[in-house]
Each structure stands twice: as structure tokens, then as C-alpha cells.
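Peer 1: Sending over a structure as C-alpha cells; questions will come in a sec.
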Amino acid sequence: MTENVHRLLTDALSSESDTPDERARELIAALARELAGGFRDLVRVTVAAEPGGHPLDDELHLLGRGLGGDTFRLSIAPSAPLPPANGLWPDPSRVLDGEIAAPPTLTEGEYRQADLAVRAGCAAELLGEFVWLTNNDRMEVNVNVQPHGLDLDFADPGAVDAAFRAWWPKSDRWAELVEDEWWEEDEADLHRLDDETLATVLTEFEDHNLEQARTGAWAMGDIDDYDIDDDPQPRFPGDQLVVFLGRDVFDTVTAQVADGSGGVAPPAYGIGLPVDVSDDDYGFQACLLLVGAESVGIVTIDASA
């Protein structure tokens, strides 16, 4: 069944002039495995534009029923031409919630930001689903973009640094993290991450995710028993998707806050970053902050078991 579902998804997301790139192919493969393995019944539903009409051959509709009786429907159809004629765009978050005919209410700029927010949120949630910490716990990644109301001149990095450090302990997001007991109120100290340190942080995060996802894949039987001395990093289904998702979280949040910065990369700060975990620790919690001209992108990572 997996091969059939994979073929249907690939055909639905391909065209004569465009085929899925590597990122899309990895996502298709993961979705095919999930649909074929997670549902007792899975059927394709043929639809028409009107009762008795000809079947629409450019749409894909799958209906499934799980072992517990829960059902789902997956629909893939050609997107509406954009930009819209009236100058307003649909809210992608409403479409994602199932409101397929959501009325257009956003300007183009608002739509681009909303689209990035949906993409970042989906990438973060899906990444956590792959990264097992224990038999029962998975990593949680959350993204948030919060306006800061600061007048920042990125030609003066020192002034940007001072203004942001003064603002952060008073921010709503920091108050939420303290309330949720991530850190104590007096632990708002920010570590400035230069380009080299940020690259190291992202690489170590990627390595962590792959290792934990690999362990989870082995526990689920997706990797056969292996001699770690002979092959310490065996491939497993979805390994490249873990890489893509982690990078997508960072890239989309960066894009959300980049407007108005004059081409300057958003200054990066960390709490609990770089990660320093000893053998006695049960994982880690960390926060990455990317400072833009109008807002700050906040990525929180809970990898504590």
C-alpha cells in the first residue's frame, strides 16, 4: 500500500513542468508511510465539480479510518491563481484549519508574513514528532514572532544590543517562560551568538535531532539491529526530512523578522545556547532569539525528558 500511496501523492504534486524537489520527496515519503501504516482502511474518492459531472483528474482525495474508528480526509487540488483579482489574499492559517474557501482579507505583505508563520509552525511541530527523547517523550519546538516596538539602527550594533537586552526581560514571552518554569526571573541573561557560534549551535542541534530520531527509528523497528562500531550512523526513513525541517524552522523565522533590517542578518541571541549537557542531565531547554527591525523571532526547544 505504501508504494501506491507514494505514487498517488507524487503524481498529485507534480506537473509537466515541475516535479517535487528533494525536500518535497522526503515529505511525500514520510506521509505515505504514515497513511499506509496508520490506518486500517484507506480509499481514494473520485470527485466532480457538479453532480453527474466528469471526474476531476487533477485532484486527489484520500479517506481513511484508523483502528480506533477515527477518520481523516486528505485533499490535494490545484491552488488558486495568485495574486487575487481584488488585491486581497486568503489567510493561510484559516485554510490550514480546514476553511478551504476562506475569504480573502489580507494584503500581500500580511499574506507573506502569515504564510511564513504557518510554515514555521508546521515545520517546528513536525520536527518534534521525529525526535524521540524516551519511549514516551518527544522534543517540542515552538516558534513565536513578537513585535518589540524598538527603534533600532542596525548600522550601530552596540546600540541594537543594548536596546534589545533592556527590552527582553520585560517582554511577554520572557514572562511566559518564567511562568512555565523554564528559567528563573533573574536568568534572563542573553548570550550574543556571532556567526561562527550560531553556525555551531545549528549544526549541534541538527546532530542531536538526527541521533535521537535514529534511536527512535531503531526502537520502532525502522532500523534493523546493527553494530554501532561498524555503522554508527545508519540511514533511516525520514532522516533527511529531519535535517530539512530543522533548517526550515531557522530559515522561516529569519525571513519573518528580516524586513527593514537593510540586508543585515538578524542579530542572534541564546539562552541555554550553546548547549552544555553533562551525563547527569536529562536533556536540555534552550531559546534562540533573532532580532529584526520590528520584531523578534523566538524559537524555544524543550529536549528534556
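Peer 1: Need the full-extension length gain, ASN136 to GLU50, defined as separation in residues times 0.36 nm minus the C-alpha distance. One decimal, nm. Intermediate results must be reported in sequence, preceding the final value.
Peer 2: Working: separation 86, 0.36 × 86 = 30.96 nm, distance 4.67 nm.
Residue separation times 0.36 nm, minus the Cα-Cα distance, leaves 26.3 nm.
Peer 1: Pick out, in residue order, every one of the trypsin sites (Lys or Arg not before Pro) in the range 10-79 that is DSSP loop and has at most 10 other C-beta atoms within 10 Å; say none if there are none.
Peer 2: ARG40
Peer 1: What is the calculated FRET efficiency for THR197 to ARG235, with r their C-beta to C-beta distance and R₀ = 25 Å, to the nearest 0.05?
Peer 2: The pair THR197/ARG235 has a calculated efficiency of 0.25.
Peer 1: Taking a point 7 angstrom from the Cα of ASP251 along the C-beta vector, which residues in the range 13-51 have backbone N less than 14 Å away?
Peer 2: 21-27
Peer 1: Note down the accessible area of HIS191, probe 1.4 Å, to the nearest 10 Å².
Peer 2: 90
Peer 1: Quick one: net charge of GLY260's neighbours, Cβ under 12 Å, K/R +1, D/E -1? Please report the intermediate quantities before stating the final value.
Peer 2: Working: positive: none; negative: ASP151, ASP153, ASP259, GLU294.
Summing Lys and Arg as +1 and Asp and Glu as -1 gives -4.
Peer 1: For Kirkwood radius over Cα pairs in Å, several values are listed as (1) 22.8; (2) 21.2; (3) 22.0; flag the one computed from this structure.
Peer 2: So the structure-derived entry is (3).
Peer 1: While we're looking at this one, here's another question. Can you tell me the length gained on complete extension of the stretch SER93 to CYS122, counting 0.36 nm per residue apart and subtracting the Cα distance?
Peer 2: Numbers: separation 29, 0.36 × 29 = 10.44 nm, distance 1.06 nm.
Roughly 9.4 nm would be gained on extension.
Peer 1: May I pose another question? What accessible surface, in Å², does a 1.4 Å probe find on ASP137, ignoring ligands, DNA and RNA and rounding to the nearest 10?
Peer 2: Its heavy atoms expose roughly 60 Å² to the probe.
Peer 1: Multiply the residue gap between LEU31 and GLU3 by 0.36 nm, knock off their C-alpha separation, and tell me the result in nm, one decimal place.
Peer 2: Taking LEU31 through GLU3 to full extension adds about 8.9 nm, to one decimal.
Peer 1: Next up: Hey, can you grab everything whose amide H is under 5 Å from the amide H of ALA293? Only 5+ residues off in sequence or another chain; H modelled, so Pro and N-termini drop out.
Peer 2: When sequence neighbours closer than 5 places are left aside, the close amide H contacts are SER261.
Peer 1: What GluC sites (Glu not before Pro) does the range 1-109 have in DSSP loop regions with at most 14 other beta carbons within 10 Å? Don't skip to the answer; put the middle values down first.
Peer 2: Working: sites: GLU3, GLU16, GLU22, GLU26, GLU34, GLU59, GLU99, GLU108; in loops: GLU16, GLU59, GLU99.
Loop-located and lightly packed - GLU16, GLU99.
Peer 1: Search the structure for amide H atoms under 5 Å from the amide H of TRP89, placed 1.01 Å from N in the peptide plane, and list their residues when 5 or more places away or on another chain.
Peer 2: Those lying under 5 Å, H to H, from TRP89 are THR105, LEU106, THR107.
Peer 1: Keeping every protein chain present and rolling a 1.4 Å probe, give me the accessible area per residue for the chain in Å².
Peer 2: 59
Peer 1: Given labels modelled 7 Å from the Cα in the Cβ direction, how far is it in nm from ARG23 to ASP70?
Peer 2: Result: 2.8 nm between the two label points.
The values are calculated or read from the model by the stated rules, or taken from the named source; none is laboratory data. Just so we're clear, the structure is a prediction, and the values are computed from it rather than from any experiment. Quick reminder, even Gly has a Cβ in these numbers, built from the backbone with ideal geometry, and neighbours come from all protein chains shown. All accessible areas refer to the heavy atoms of the entire protein, side chains included, with ligands and DNA or RNA removed. Shrake-Rupley method; radii C 1.70, N 1.55, O 1.52, S 1.80 Å.
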